[in-house]
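The values are calculated or read from the model by the stated rules, or taken from the named source; none is laboratory data. Values in this document were obtained by computation on a predicted structure and should not be read as measured data. Heads up, the Cβs are rebuilt from the backbone with ideal geometry, glycines too, and the neighbour counts pull from every protein chain shown. Side chains included, ligands, DNA and RNA excluded: accessible areas come from the protein's heavy atoms. Shrake-Rupley method; radii C 1.70, N 1.55, O 1.52, S 1.80 Å.
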Amino acid sequence: MADRGRHLPPPPDHTWVVGSLAVALEEGGGPGLGYRRAGACLEYDDGSGTHWQLVRLAGGRAVVTGFDVDYSEERDPAELLAGAPGWLPRDWSGLTERIAFCYWWEHGADEWSYASCPPDRGAKVTGSPYDVEERLFERVWERVGDDGEVAREFTPQLDALLDAAFEGRVGEDGLGAVLQWLEDARYVRPAAALAAAEGAGLTPGSRRPELPVTA
C-alpha cells in the first residue's frame, strides 16, 4: 500500500489548476514551461520524451496517462485498461503515444484507480506540476538576480495568484503583478493571460471545461 501511494500523481484538481495557470502565464508573455491546454485536456511535454495528458470528464471524473523517460516502463495500453470503467475512452489520443501509466479518477474519490499491473515509478513525476513555482523563481532570478529581495517581493504575489487560481478568482491585476517579474513590462499581456485563465475555469463566473461521458 505504501508503494502504491508513493507513485500516484497528485489529485486532478491540483494538477489542472497549477498547470493551467502555467499556460495562462505563458500566454501573457511568461516563460514556456511545457504545458498546453486545449479545452478539457491539459498536456505536458518536456521535449525529451517525458509527457503526460490529463483530461477532465463530466461527473467529477478524470483520466491521466503518460510516460517518464527516466523512470517509466513502457506498457501495452490494453494492459493499462484492464478493469477500467466503461466511461473511460478506449480511443482516447493519450493512449496512442508511448505510455507507461493510465489512472482514472471517480467522483468523490480520494486517490487514483488503475489496472492490476504495478504502478509506474514515473507517474508521480510526470503527473505532478509541483515544479512550476520553482521554475518561475528560476526565471525571475535569471532576469533580476538574487539580491535577497526576490523571495520577499515575488513570493507573496505568486502565492496570492495560486490561491486565487484554486479559488476561481484569478484577475488581470494578479496576473500582471506576476508577469512583470517574468518578462519586461513592455511585452507582458495580462489580458491574454486572463483569457487563458478564464478558459480553464480559474476566473470568477467561469467553469472548468470537461468532456461528456458516453458510458
### Query
Sequence-distant or interchain residues sharing an amide H contact under 5 Å with Thr50, placed H: which?
Val69
### Query
Can you list the HN-Hα couplings for region 23-38, worked out from phi with the Karplus curve (6.51, -1.76, 1.60; θ = phi - 60°), rounded to whole Hz and with x for Gly and Pro?
4, 4, 5, 5, 4, x, x, x, x, x, 10, x, 9, 9, 10, 9
### Message
If amide hydrogens are placed 1.01 Å from N in the peptide plane, which non-local residues have theirs closer than 5 Å to the one on Glu73?
### Response
Arg121, Gly122
### Summary
The rounded separation in angstrom of the Cα centers of region 166-184 and region 81-131 is 31
### Query
Ranked highest first by average number of other Cβ atoms within 10 Å, how do 120-127, 189-196 line up?
120-127, 189-196
### Query
Each residue of region 191-201 in order: what ³J(HN,Hα) in whole Hz does its phi give by Karplus 6.51 cos²θ - 1.76 cosθ + 1.60, θ = phi - 60°, with x for Gly and Pro?
5, 5, 5, 5, 4, 5, 5, 5, x, 8, x
### region 1-129, accessible area per residue, ligands and nucleic acids excluded (1.4 Å, Å²)
42
### Message
Which of rounded, prolate or oblate describes region 146-200 when judged by the alpha-carbon gyration tensor and an a/c cut-off of 1.5?
### Response
oblate
#### Entry: More than 17 Å apart - percent of Cα-Cα pairs taken over region 48-101
35
### HN-Hα J in Hz across region 118-124 - Karplus 6.51, -1.76, 1.60, θ = phi - 60°, x for Gly and Pro
x, x, 7, 5, x, 5, 5
### Message
Averaging the inverse of every distinct alpha carbon separation and then flipping it gives the Kirkwood radius. What is it for region 65-181, in angstrom units?
### Response
17.3
### Summary
Counting only protein heavy atoms with a 1.4 Å probe and every protein chain in place, the carbon and sulfur fraction of the accessible surface of the chain in whole percent equals 48
